[in-house]
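Undergrad: Please read through the structure below; I'll follow up with questions.
The values are calculated or read from the model by the stated rules, or taken from the named source; none is laboratory data. Small disclaimer: the values here were computed from a predicted structure and weren't measured. Cβ coordinates were reconstructed from backbone atoms using ideal geometry, including for glycine residues, and neighbour counts include every protein chain displayed.
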Amino acid sequence: MFYIQITVKVLLFGITREITGQSRLNVPAEAGITTVKGLKSWLGMQYPAMQTLTSLAVAVDSEYAQDDDLLNADHEIALIPPVSGG
Amino acid sequence: MLIKLVEHIDLNEAYAYLNSTDAGAVNLFVGTVRNQTKGKAVVQLDFEAYDAMAIKQMEHLANQAIRKWPLVNLAIIHAVGAKEPGTPVVVIGVASAHRDASFEACRFLIDELKKTVPIWKKEFYEDNSVWVNAHP
């Protein structure tokens, strides 16, 4: 299967914002990210502190995404560390 | 239904919104800032939300509740920003003809909100601070 390489823009909140020191992260096209799972592994390598979190979900267009979901440059992508509202 | 994120919660607003002649019961749950966690004094809390997704996920929960129980109306209001102990940070309000539905739906909404709605709480103690639930 052929994928076009894309620059993935990711919104960061809570502890993931503190880990990266940014509220928006650009994942370069060279990283070859095409899926949610790929994004999570790339982040884990770049920021080992992400691996210590209780959980890390990815949201695509404000909905929780599955590991195999494909990422698109037009999507709004965000990291969702363990929530603690209420 | 009324679903929103606010700087300051007004309990009267939720009740005024829900009270109607169709409802025989209005159930309000108010979550507030406690002054301690596991014996450590909490001096302040900061709530951060992913606004667009938080609203969308709260709408999903509201729709689930409406499908599950015969409700007249409901409200979900969550605060963001810095909060001191004693301050209300979330209000769930449910109006129904009879009390059982409003009690059950209210419980469902707060329990699910805590699991799925992207809002994060940072607790500040006298000597440090932590993002709640972030680490095992």
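Undergrad: With the structure loaded, tell me whether residue A:30 is at pLDDT below 95, of a type in the set (Asp, Glu) and not in a loop (DSSP other than H, G, I, E, B) or whether it fails that test.
TA: Criteria met by residue A:30.
Undergrad: Go over the candidates B:108, B:103 one by one and state the one that is in contact (Cβ under 8 Å) with a residue 40 or more places away in the chain, surrounded by 14 or more Cβ atoms within 10 Å (Cβ to Cβ), within 14 Å of chain A (Cβ to nearest Cβ) and among the aromatic types (Phe, Trp, Tyr).
TA: One residue alone meets the criteria, B:108.
Undergrad: Separate question: Give the number of residues within region B:79-136 that are over 22 Å from residue B:37 (Cα atoms), in contact with a Pro (Cβ under 9 Å, 6 or more places away or on another chain) and among the polar types (S, T, N, Q).
TA: Residues in region B:79-136 being over 22 Å from residue B:37 (Cα atoms), in contact with a Pro (Cβ under 9 Å, 6 or more places away or on another chain) and among the polar types (S, T, N, Q): 1 in total.
Undergrad: If you go through region A:11-20 one residue at a time, do you hit one that is crowded, with 21+ Cβ neighbours inside 10 Å, of a type in the set (A, V, I, L, M, F, W, C) and over 23 Å from residue B:129 (Cβ atoms)?
TA: no
Undergrad: Within 17 Å of residue B:116 (Cβ to Cβ), in contact (Cβ under 8 Å) with a residue 12 or more places away in the chain, surrounded by 15 or more Cβ atoms within 10 Å (Cβ to Cβ) and charged (D, E, K, R): does that describe residue B:59?
TA: Spelling it out, it is not the case that residue B:59 is within 17 Å of residue B:116 (Cβ to Cβ), in contact (Cβ under 8 Å) with a residue 12 or more places away in the chain, surrounded by 15 or more Cβ atoms within 10 Å (Cβ to Cβ) and charged (D, E, K, R).
Undergrad: Quickly run through region B:19-48 and pick out the residues that are over 15 Å from residue B:130 (Cβ atoms) and touching a helix residue (DSSP H, G or I) at 6+ places or on another chain (Cβ under 9 Å).
TA: B:23, B:24, B:25, B:26, B:27, B:28, B:29, B:30, B:31
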